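Working notes, beginning with the structure itself.
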Amino acid sequence: MASFLLKQLPQTSRPLAMAARRTAVPAMPTMLRNLTTAATQAACETDEPSFLQSVENYYDSAAKISGIQDGTLSHLRAVDSVLRVTFPIEMGDGKTEVIEGYRAQHSRHRLPVKGGIRYSEEVDLQEVEALASLMTYKCAVVDVPFGGAKGGIKIDPRKYTVEQLERITRRFTMELCQKNFIGAGVDVPAPDVGTGPREMSWIMDTYRQFNAADVNAAGCVTGKPLSQGGVRGRTEATGLGIYYGVREFLSYPEVQQKTGLNGKIQDSTVVVQGFGNVGYYCAKFFANDGAKVVGIGERDCSIYDPAGLDIEALHKYFTEHGTFRGFSHSAQILEGSAAILEKDCDILIPAALERQIGKVNVDKIKAKVIGEGANGPVTPAAHTILESRNQVVLPDLLMNAGGVTVSYFEWLKNLSHVRFGRMNKKWDESMRLKLFSLVEENAGRTLTEAERKAIVHGAEEADLIYSGLEDTMIQACEETRQTAALKNVDFRTAAYLNAIQKIAAVYEGSGMLFMH
């Protein structure tokens, strides 16, 4: 019953929130730290907490019942280190623009720390601190041995050419190298909003220029293209992880009793807010398993069709036209991405931005299960209201942990310098072939070539990645379920509680050097 998660840990004398903080320049003014977008404000009342405050509120709720010493809890809550840099970039018109970037390392109880780098005009210190904190808890929930980090550059990547983006990315990486904020054993970035495999390749190449003798240089960043040491399955990992997580929770009798659902994906209707990498693959895997995806939301508009949407055709159209308008004459087009959240469905996946469901619109949410694909899409007040109405909220730190899980697999591949499956694929096939040859002799029937290939086929890299991710999500969901039942709390509190217990066990077990 996962009793190790709930035991009382020894007394600690670690100082409270006086975590070391390195910064290249003075901290941002409060006014700038509290920048938010209209898209993340529309659903919220003015008294609702910011994203960072929400993460801290969730943490505090779980900490109260964790049985952990107050000093340890205060240390776990604080961000270890923050780097803020500014640097000039010469633009094509001869003008110079000063670029602002951040990297926050929340907890170094495990190394390296891990977290994405996002390109957005809304990046600020508060956001990266909140996301870094969430990454720490996320890694702990799924037993990925990393600390949490996050970074960002305050730009809109759509306003820059590819050459300008490359110069910005490489210069930011240079700053990280000089401040020791990147390295396979120190801090490993990954893609996030506004970044992808291309930017990760630039980061890796720049790091190599500064660390030519580092044989593990490819492990300094994940989310790379296959040709640069990436891993098969990383692109769809977060969306696939959401699908696995929702599938597992739907199979639990207590969830079925609470929601009235029968536990089958095949009989469910699904709405996904966000049609980027996470939203698209999430919708695709639900549709492939027989669910009816009835709504998709994007920045420009949303599309809703109770008869169901053809996800592949819709994605192709959206990629070509940049909008859902004109895709179907039978589907309903809704302005913006928020309206789709209020449509009838069994499963709702907010996979776009934080603070999408708040006091303003929570009473209009009809979904029976809300799986948080984005970070922080539901505010604490909205979460409480949804749970009080028997609408099950599956928390972000568990649901979207597929990305960091497969990033962990990529990191392992880079350190081992060998593709998964390369050493054992043919051995497995030869053993299976011998086994089925014996079966054929005794059964008096010869398998067809197609049957033989399907049965004898050895595991390749993608097979092993999918298998590892599925097993990770099944285990993490079951641990969350057990803790929720044992402590009589919701799944979010249970996930945070598990994370806190695991991180605290590392600190306590190590003796917290130099802090006594």
## Note on the structure
Per the filter on segment 374-401, residues assigned to a helix (DSSP H, G or I) and among the β-branched types (Val, Ile, Thr) are THR384, ILE385
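Every residue, every condition in (1) on the phi < 0 side of the Ramachandran plot; (2) touching a strand residue (DSSP E or B) at 6+ places or on another chain (Cβ under 6 Å); (3) surrounded by 15 or more Cβ atoms within 10 Å (Cβ to Cβ), yes or no:
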position	(1), (2), (3)
ALA237	yes, no, yes
GLY241	yes, no, yes
PRO253	yes, no, no
GLN256	yes, no, yes
ASN262	yes, no, no
ILE265	yes, no, yes
VAL271	yes, yes, yes
PHE285	yes, no, yes
GLY295	yes, yes, yes
### Message
Looking for something out of contact with any Cys (no Cβ under 7 Å at 6 or more places or on another chain) and not in a helix (DSSP H, G or I) - is there at least one such residue anywhere in segment 489-507?
### Response
yes
### Task
Report yes if some residue within segment 421-428 is of a type in the set (Phe, Trp, Tyr) and touching a residue at least 24 places away in the same chain (Cβ under 8 Å); otherwise report no.
yes
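Check every one of the helices (runs of 4 or more DSSP H) wholly within segment 402-481 and list those with 3 or more residues that are among the acidic types (Asp, Glu) and surrounded by fewer than 18 Cβ atoms within 10 Å (Cβ to Cβ). Don't jump to the end; show me each part of the working.
Numbers: elements: 402-416, 425-443, 449-456.
The qualifying helices (runs of 4 or more DSSP H) are 425-443.
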### Query
Is it the case that some residue within segment 197-217 is touching a Phe, Trp or Tyr at 6+ places or on another chain (Cβ under 7 Å), open to solvent by less than 20 Å² (accessible area, probe 1.4 Å) and not hydrophobic (A, V, I, L, M, F, W, C)?
no
### Query
Which residue, of ALA367, ALA339, ALA331, is farther than 21 Å from GLU122 by Cβ and open to solvent by 20 Å² or more (accessible area, probe 1.4 Å)?
ALA339
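Every residue, every condition in (1) under 22 Å from GLY373 (Cβ atoms); (2) modelled with pLDDT under 90; (3) of a type in the set (Ser, Thr, Tyr), yes or no:
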{"position": "GLU449", "(1), (2), (3)": "no, yes, no"}
{"position": "LYS453", "(1), (2), (3)": "no, yes, no"}
{"position": "GLU479", "(1), (2), (3)": "yes, no, no"}
{"position": "GLN482", "(1), (2), (3)": "no, no, no"}
{"position": "GLY509", "(1), (2), (3)": "no, yes, no"}
{"position": "MET515", "(1), (2), (3)": "no, yes, no"}
### Message
Any residue at all in segment 329-344 that's part of a loop (DSSP other than H, G, I, E, B), of a type outside the set (A, V, I, L, M, F, W, C), at pLDDT 90 or above and touching a helix residue (DSSP H, G or I) at 6+ places or on another chain (Cβ under 9 Å)?
### Response
no
### Summary
Condition set more than 15 Å from SER407 (Cα to Cα) and of a type in the set (Lys, Arg), scope segment 148-162, selection most open to solvent (accessible area, probe 1.4 Å): answer is ARG158
### Query
Exactly one of (1) out of contact with any helix residue (DSSP H, G or I) (no Cβ under 6 Å at 6 or more places or on another chain); (2) modelled with pLDDT under 90; (3) of a type in the set (Asp, Glu) is unmet by GLU354. Its number?
(1)
### Query
Would you pick out the residues in segment 39-54 that are touching a Pro at 6+ places or on another chain (Cβ under 7 Å) and surrounded by fewer than 19 Cβ atoms within 10 Å (Cβ to Cβ)?
PRO49
### Query
Taking only pairs six or more apart or across chains, which ones have beta-carbon atoms under 7 Å, a first residue in segment 224-253 that is over 17 Å from ILE465 (Cα atoms), and a second residue that is of a type in the set (Val, Ile, Thr) and in a helix (DSSP H, G or I)?
ARG247/ILE265; GLU248/ILE474; PHE249/VAL255; LEU250/ILE265
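The values are calculated or read from the model by the stated rules, or taken from the named source; none is laboratory data. All of these numbers come straight from a predicted model, not from anything done at the bench. A quick note on method: Cβ atoms are made from the backbone with ideal geometry, for glycine too, and the neighbour counts reach across all protein chains shown. Heavy atoms of the whole protein, side chains included, go into the accessibility calculation; ligands, DNA and RNA do not. Shrake-Rupley method; radii C 1.70, N 1.55, O 1.52, S 1.80 Å.
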